[in-house]
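Peer 1: My structure is below; once you've seen it, I'll send some questions.
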Amino acid sequence: MLPRVPAKLPESIDATKSWLAYGQLEIPKLNRELSAREDLLTRQRALRSLCDEMHNPLKVSEALREGVPHSLKELLTDEDPAVRVLATEVLFIMSSSHVARLEYLNLDIILPLAKLFTDEVFEVRQFSHQTLERCSQTRQGAEGVVGCGLVATLVSRIRPEENEIKSVILDTLHHCLAVDTHQALEAKALAELAPLLKSPLADLRSKAARDIMDLAFPLAGKDQACEMKIVPSLVGLLEDEVDEVKAHSAGALMAITITTQGKQQAISSDAIPSLMHLLNNQPDLVTLNSVKTITCLAEAPEGRQSLHDALPQLKALQHHGNDAICRAATRAIEVITWKP
């Protein structure tokens with residue numbers, strides 16, 4: 001009597017993944033299967049296996065030697081949505097390695113990833129943005145993103161995207177703004193960031209205020225922020241429940257109020273009482289940014305007059321454990337007590 005062939009595979013075999021070769025042959029075999037254009041199932045299985053294997057840093061090194069990123073780059077334009085999802089996921093997992101991020105820059109993977117920002121599949125867009133954000137964490141990567149002219153593209157994707165991806169875009173912009181702010185200002189990034197200050201999500205409010213602070217360091221950014229009446233919204237966030245939101249809002253006001261117009265808008269928006277309230281029992285970054293903003297507002301005669309009530313609090317901060325806060329408080333006292 002002939003043995004019966006089981007209808008199902010053993011539980012130890014996953015039919016959705018490739019059978020792995022032994023030792024050093026594993027990654028080369030998977031890389032070859034990625035190029036199997038005529039066999040969709042083979043490509044999907046190889047990608048699923050790589051999603052598991054690339055969590056091992058040693059496997060990432062092998063994949064880089066075998067040219068796996070180049071194979072993945074070719075799959076970014078695959079017609080099958082599942083292949084695009086898995087290809088971007090593998091690239092994202094590999095991007096945890098600094099060497100892999102450098103390889104992405106050498107292979108010019110940034111632009112093919114950017115073309116997926118408008119993909120119909122949410123996961124494809126999400127992994128693409130997350131990979132790009134990781135690449136931009138280093139100055140070399142941020143310069144690569146800026147050099148490809150993608151800042152305007154990122155700004156244009158803020159409004160239509162889902163909240164999860166918006167958060168990633170704001171992080172990528174933050175890294176890029178440390179390199180160059182001109183492209184973002186030309187793309188009217190402040191107009192896209194301002195509505196996020198009223199978002200119900202604290203993460204978006206905080207990151208939007210942080211990016212506005214980055215954009216407000218150059219004079220053109222300060223002027224745009226005043227023209228768009230962003231200051232009142234930032235003043236309102238000084239009373240937010242989340243410390244990061246308060247810190248970044250105070251930081252943005254610190255940058256904007258260097259100009260006379262910024263000072264006037266902040267004072268007319270009643271920023272001084274809120275800033276004085278933030279001098280007590282707050283995290284260091286909130287206190288530091290608040291003291292620096294108070295120093296800027298004290299340069300205006302009406303601000304200096306209102307801030308005399310804050311002198312006891314500022315004198316107490318001269319003995320703070322953070323040296324930066326001590327120096328900032330001393331400078332604020334000098335400006336407030338200055339007499340012509």
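Peer 1: For Lys263, which aspartates and glutamates qualify as cross-link partners when the Cα separation must be under 14 Å and same-chain residues fewer than eight apart are set aside?
Peer 2: Excluding near neighbours in sequence, the set is Asp223, Glu227, Glu299, Glu302.
Peer 1: Could you sort the peptides 309-321, 68-80 by per-residue average Cβ neighbour count (10 Å cutoff), highest mean leading?
Peer 2: Those peptides, ordered most packed to least, come out 68-80, 309-321.
Peer 1: At a 10 angstrom cut-off on C-beta neighbours, averaged per residue, how do the peptides 278-290, 130-142, 37-49 rank from highest to lowest?
Peer 2: Working: 278-290: 19.2, 130-142: 21.6, 37-49: 17.6.
Taking the mean over residues of other Cβ atoms within 10 Å, the ranking is 130-142, 278-290, 37-49.
Peer 1: Turning to a different aspect of this structure: Net charge within 15 Å of Val60 by Cβ-Cβ distance, Lys/Arg positive one each and Asp/Glu negative one each, not counting Val60 itself?
Peer 2: On the way: positive: Lys59, Arg65, Arg101, Arg134; negative: Glu26, Asp52, Glu53, Glu62, Glu66, Glu89, Glu103.
After counting each charged neighbour, the total is -3.
Peer 1: A 18 angstrom limit on the alpha carbon distance is what I want to check against. Which of Lys166/Lys207; Lys246/Lys292; Lys188/Lys292; Lys188/Lys229; Lys59/Lys115; Lys222/Lys339 exceed it?
Peer 2: Pairs exceeding the cut-off: Lys188/Lys292; Lys59/Lys115; Lys222/Lys339.
Peer 1: Two decimals, Cα atoms only, Kirkwood Rh: what is Rg/Rh over the chain?
Peer 2: Working: Rg = 26.0 Å, Rh = 22.7 Å.
Ratio of gyration radius to Kirkwood radius: 1.15.
Peer 1: Residues in the range 290-309, backbone N under 16 Å from the label point at Ala178 (7 Å along the Cα-to-beta-carbon vector): list them, ranges by number please.
Peer 2: Counting only backbone N, you get no residues.
Peer 1: Also: Where in the chain are the DSSP H helices whose C-alpha atoms run 18 Å or more along the long axis and whose mean Kyte hydropathy is at least 0.0?
Peer 2: Span-like helices, by this rule, are 81-94, 163-177, 243-256, 284-297, 323-336.
Peer 1: Assign one of three labels to the range 23-163, namely rounded, prolate or oblate, based on the Cα gyration tensor with a ≥ b ≥ c the square roots of its eigenvalues; rounded applies when a/c is under 1.5, prolate when it is not and a/b is larger than b/c, and oblate otherwise.
Peer 2: Oblate, since a/c reaches 1.5 and b/c is not below a/b.
Peer 1: Can you tell which of Ile109, Pro195, Thr181 lies farthest toward the positive end of the dipole of the chain, using +1 and -1 charges on the Cβ of basic and acidic side chains (Lys, Arg; Asp, Glu)?
Peer 2: Of Ile109, Pro195, Thr181, it is Thr181.
Peer 1: Can you give the FRET efficiency to the nearest 0.05 for Lys229 and Leu58, using r as the Cβ-Cβ distance and R₀ = 45 Å?
Peer 2: Computed FRET efficiency for Lys229 and Leu58: 0.25.
Any read-out appearing in this document is the output of simple, stated calculations on the displayed coordinates, not a laboratory observation. Quantities reported herein were computed from a predicted structural model and do not represent experimental measurements. Here the Cβ is made from the backbone with ideal geometry for all residues, glycine too, and neighbour counts use every protein chain on show.
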